[in-house]
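What follows is a single structure, written as structure tokens, with notes after it.
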Amino acid sequence: EPRGKRKGSVNVKSFSFATDQRDINTKTQSRLQKLHDDWQRQFPFKPQTRGAALSGVSFSKGDMYDRQVAWKRLKEQRINMMRKEKQEDLQRDCTFQPNKNSNREIAVDEDQIVSRLYRQGIRRQKKVQNELRQKLDEEFEK
């Protein structure tokens, strides 16, 4: 089969942009330079977005994983710092300070608690038994 005639294939012609240095004459180059200079004069501000965002992290060495770990650590530090500042702001506005009673801080005897709970359980059990007896007595009387 001839080279360009294969089924499903497409002949692609080489395409080069006009900005390719071989095709630009000196007049065009000077016009492009003038446009670039005009642009620089009109818009001199160049924000430092990446540099400011990554100021605490050095990416000169290391692989992708190390950079990701460093970025995540920096992000978590910023989030924690913002949380801490927010919490401090909330606490700064709080005026209530409860009076603490030193008697409450004394440990309660465990035996007292156990015996109190046991007595409550026995009272409940007796109450349920008395209610059942009353119902049975009422049924027998009918």
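Within a 10 angstrom radius of the beta carbon, how do PHE45, PHE140 rank from fewest other beta carbons to most? Working shown, then result.
Working: PHE45 4, PHE140 7.
Starting with the residue having the fewest Cβ neighbours, the order is PHE45, PHE140.
When the chain is fully extended, how far beyond the present Cα-Cα distance does ASP137 get from LYS27, taking 0.36 nm per residue of separation?
Numbers: separation 110, 0.36 × 110 = 39.60 nm, distance 11.95 nm.
My answer for the length gained is 27.7 nm.
What are the ³J(HN,Hα) values, in whole Hz, obtained from phi via the Karplus relation 6.51 cos²θ - 1.76 cosθ + 1.60 with θ = phi - 60°, for each residue of segment 73-79 in sequence order, with x given for Gly and Pro?
Result, ordered by residue: 4, 5, 5, 5, 4, 5, 5 Hz.
The numbers here are math on the coordinates, done by the rules we state, and not lab data. Predicted model, so just to flag it, every value in this text is computed and none were measured. Quick reminder, even Gly has a Cβ in these numbers, built from the backbone with ideal geometry, and neighbours come from all protein chains shown.
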